[in-house]
């Protein structure tokens with residue numbers, strides 16, 4: 001029998017970056033735990049496929065094309081969610097991107113794009129969607145950060161800066177909203193076998209550097225992230241807030 005406090009039945013969860021990789025796995029995992037799911041990313045067609053899978057599980061789903069760097073787009077996401085479901089219980093901030101660039105080759109455009117999507121996007125989504133949780137005095141915010149936020153590697157200064165910002169924002173907001181019944185936590189994965197890491201996985205030199213620093217000597221699998229998200233979205237995590245939880249094969253232990 002499943003542990004009942006992990007049951008998300010009756011909850012409504014919004015997952016950004018929900019069409020592929022972490023986001024798709026999270027959306028399906030939350031649905032399997034009982035929640036209705038709203039998936040958001042820039043590509044409507046990909047979102048529709050994920051929503052179809054959610055509905056095949058017997059859950060309600062909504063797919064909303066969203067640019068997380070654009071405030072009106074996020075407001076549209078929130079409005080459509082509230083119109084469809086009347087509530088928002090969980091926000092998973094997951095949309096993001098990153099590339100490997102030597103520091104002296106990071107352009108202003110590279111820097112701005114990374115900060116805008118990875119940090120500003122989390123801020124805007126949390127401010128708009130989190131406001132409904134704040135008013136309801138109940139909610140779960142789960143930020144997908146990265147081990148790079150606290151234990152960065154070379155060629156990722158711009159990405160590490162964005163993830164370090166997420167970690168700091170997570171802690172600050174957790175304190176601010178603790179008495180509103182809203183928990184705010186972050187998961188800090190290392191290197192997982194996803195499309196965003198395809199180039200690194202296929203490059204023997206880069207892959208070796210990553211594996212040499214990863215004690216378990218393998219890439220993470222997206223399914224290994226889902227259970228932790230479900231826990232943080234559930235009633236079981238009600239006493240946990242402001243945590244940055246490593247999920248990194250031992251990367252940060254060294």
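If you go through the range 139-167 and pick out every residue that is farther than 30 Å from residue 207 by Cβ and either under 15 Å from the mean Cα position of the chain (by Cα) or surrounded by fewer than 17 Cβ atoms within 10 Å (Cβ to Cβ) (or both), you end up with 2.
Restricting the range 45-58 to residues that are crowded, with 22+ Cβ neighbours inside 10 Å and touching a helix residue (DSSP H, G or I) at 6+ places or on another chain (Cβ under 6 Å), the residue that is farthest from residue 16 (Cα to Cα) is 54. The one condition from (1) under 17 Å from residue 96 (Cβ atoms); (2) out of contact with any helix residue (DSSP H, G or I) (no Cβ under 8 Å at 6 or more places or on another chain) that residue 244 does not meet is (2). Taking first residues from the range 231-254 that are in contact (Cβ under 8 Å) with a residue 12 or more places away in the chain and at negative phi and partners that are assigned to a loop (DSSP other than H, G, I, E, B) and buried (at least 20 other Cβ atoms within 10 Å of the Cβ), the Cβ contacts under 7 Å between residues at least 6 apart in sequence or on separate chains come to 233/8; 234/8; 244/145; 248/190; 251/190. Evaluation of residue 142 against the conditions (1) more than 21 Å from residue 66 (Cα to Cα); (2) in contact with a helix residue (DSSP H, G or I) (Cβ under 6 Å, 6 or more places away or on another chain); (3) not in a helix (DSSP H, G or I) shows that the sole unmet condition is (1).
For every residue, the table says whether it meets (1) under 25 Å from residue 135 (Cα atoms); (2) touching a helix residue (DSSP H, G or I) at 6+ places or on another chain (Cβ under 9 Å).
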position	(1), (2)
25	no, yes
35	yes, yes
43	no, no
60	yes, yes
98	no, yes
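Please determine, by comparing only the residues of the range 149-197 that are out of contact with any helix residue (DSSP H, G or I) (no Cβ under 8 Å at 6 or more places or on another chain) and under 27 Å from residue 19 (Cβ atoms), which one is modelled with the lowest pLDDT. Per the stated criteria, the residue is 197.
The values are calculated or read from the model by the stated rules, or taken from the named source; none is laboratory data. What you are looking at is a predicted structure, and each value in this text was computed from that prediction instead of being measured. Cβ sites come from the backbone with ideal geometry, for glycine too, and all protein chains shown count toward neighbours.
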